[in-house]
Amino acid sequence: MTGNGKAGGLGGGRRPRPHRASKAKAAPQAAVPKRDGRQAVVIVHGMGEQRPLDALTGFVQAGLPPGADGRRTYYSRADIVTDSFESRRFVAPAEGNRPQTDFFEYHWAHLMQGNRFGDMWPIFKKLLVRLPWRVPNGLRFVWALFWAIIAGALTWWFVADPADISTLTSLVAGVAGAGALAAVLTFALGRLGAIVPNMVTTSFVDVVRYLDTSPRSYAVRRDIRKGFVEMLTRLHEARYAGKRRYERIVIVAHSLGAYIAYDGICYLWGRMNNQSGEHAVGEPAGLTAFDQAASVLTTDASAGICDPEHVRTYRRTQRELWYGQRAHGSNWRISDFVSVGTPMYFADILYTGNREKFRQRVGRGEIPTCPPLRSPGKHPFTYRWHDSRVLNDAAPFAVVRWTNLWFPVWPRWFGTLGDWFGGPLTPLFGSGILDVPILGNKPWRLMIASPHTLYFKQPDRNAVGDAAWHLERALALDDFAVPATDEQVAEAKALLRGLDDREGGMGARIERFTDPKLPPVTGSAEDWLATRTRAQMSTLIDQLAAMQPVRPPPRRRRFAWLRPGSRRRRADRAGDRIRDGAPEERRREAAC
């Protein structure tokens, strides 16, 4: 240390003069944007014997946008949410518009034990007896290959004795032989656990085992779902410096992990959907605009139309309703769900066995969709709870935006190359899902089945259309926004009342006096204000404050001394001056 301090060698003698700041103005510093709150991203790994942190490390490399120096900066810290000693928390510091982002992994592979290759036979049998056009695109190659083996075996059976082909005995023998062959294949598939590599047994069977409702798989399903719901609950309840630690939660799930994440979101929503503030009255802001956008999507789906502009409008109203929920007192933090290469695109076969039973469960609200199921009546998405209206149990995706990414198979109708287990979700789970086929990452995505594991393994390939490019845009980590506070909304309303109101109500004032980049006013002006972000509201307040009319000071009227009573006031002022004057003037006044 040097300078005027004691460590600089000035032990005694004359005391140094204090340093005086120069009058020259300091160079202006760049304004640092104020960031409120943090956001959390949870990755749920897919099928197979995944090791802890493998999926998290690959995902952060692919999903975290590089900084100004071209590098992805993050730090490994202790996990503050789960009880696992193997897990870590990756912390990406704030940069630009992105606040501090914490990445977590939900690891469930250790709960899926005791898999057998024979567990896959019931589902495979359902696929085998289906007509070709009812088989999922990615599995038609496997379906055709298996039937080719059966046809070849039957051909060999008949060709062995061609002279007896026309006899009834040969036909009966052929049918019996086909049945015997199916029985042998069933027995073989049940006993292939010791022959088939362990990777196959622990990967593909995971999907069937998780979705199996038999008593053997009940405990496994319960433990996996319970662990994920507890993790999400702790993220919602985590606190830092007396406030909620995370303002936003994003969930990313790969393969079978998308089923687990979907179940966790739906179950947690059933616990939290009726949470509202103590003084919440009425419905959450943004519900009217959401209802209109959802109605348009439902009409388009009935007519077989998919308009990308309508989907974008619906997703915008989802975000505004998410803000409205927060302003209504809800603690729901999950804003986005990103599924990657998930077999949910043939969930009707895995869940229920056929499409009709799947639709029946959707109609009963057991399988939530996006947009949610519309209930009959005046309020299709809400029910009354005390003095307010809250979203019903089947509407988690009214506030959670769903994006689905996958490598499409080629050729389209007989998928051989590409990801066999990924596909579009809108036919089953609703037209509000943003289905995005990944057409980049060539030639690696055009391989047999292996592209299912390549989504997070090429982070340096970030060109337009690549997996990392789509993943960054689906996460939208820079699109972080904290809902506006009640004080900001009240201040904005007060400033709007102070503006001229010659052309309409408060909505007209907002349109005339605000930035045109802000979303248009939909519904009531109060709802529009309640669905703004904290940053948008700060900008709006600054604009409205600058536009307040300046009231000039009152002008002094001319010839005021001619008004009645003016002489008396002048005399009173003269008397005040005399009373406050010097003692000589007081004696002179007394003598007179």
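Side notes on the structure shown:
- Sites Ala546 and Ser214 - FRET efficiency at Förster radius 51 Å, r taken between beta-carbons, to 0.05: 0.15
- Applying the criteria of a DSSP loop state and at most 10 other Cβ atoms within 10 Å to the trypsin sites (Lys or Arg not before Pro) of segment 55-95 yields Arg71.
- Cut-off under 5 Å, modelled amide H: who pairs with Trp406 long-range: Gly341, Val436, Ile438
- Computed FRET value (nearest 0.05) for Phe414 with Gln61, which takes r as the C-beta separation and R₀ as 41 Å: 0.75
- Placing +1 on the Cβ of every Lys and Arg and -1 on the Cβ of every Asp and Glu, with nothing else charged, gives segment 368-496 a dipole about its Cα centre of roughly 560 debye.
- Cα convex hull of segment 197-342 - mean projected area over all directions, nm²: 12.5
- Surface share of carbon and sulfur [accessible, 1.4 angstrom probe, percent] for segment 374-491: 60
- Globularity index of segment 420-499, i.e. its alpha-carbon radius of gyration over 2.2 N^0.38 Å: 1.78
- Accessible area (Å², per residue) of segment 305-423, counting only protein heavy atoms and a probe of 1.4 Å: 38
- Expressed as a whole percent, the proportion of Cα-Cα pairs in segment 296-367 lying more than 14 Å apart is 75%.
- Ligands, DNA and RNA left out, the accessible area of segment 303-363 computed with a 1.4 Å probe is 50% carbon and sulfur.
- Solvent-accessible heavy-atom area per residue, rounded to whole Å², over segment 42-83 at 1.4 Å: 48
The values are calculated or read from the model by the stated rules, or taken from the named source; none is laboratory data. The structure presented is a predicted model; accordingly, all values stated were derived computationally and were not measured. Neighbour counts are summed over all protein chains in view; Cβ atoms, including those assigned to glycine, are modelled from backbone coordinates with ideal geometry. For the accessible areas, the whole protein counts, side chains as well, though only heavy atoms, and no ligand, DNA or RNA atoms are used. Shrake-Rupley method; radii C 1.70, N 1.55, O 1.52, S 1.80 Å.
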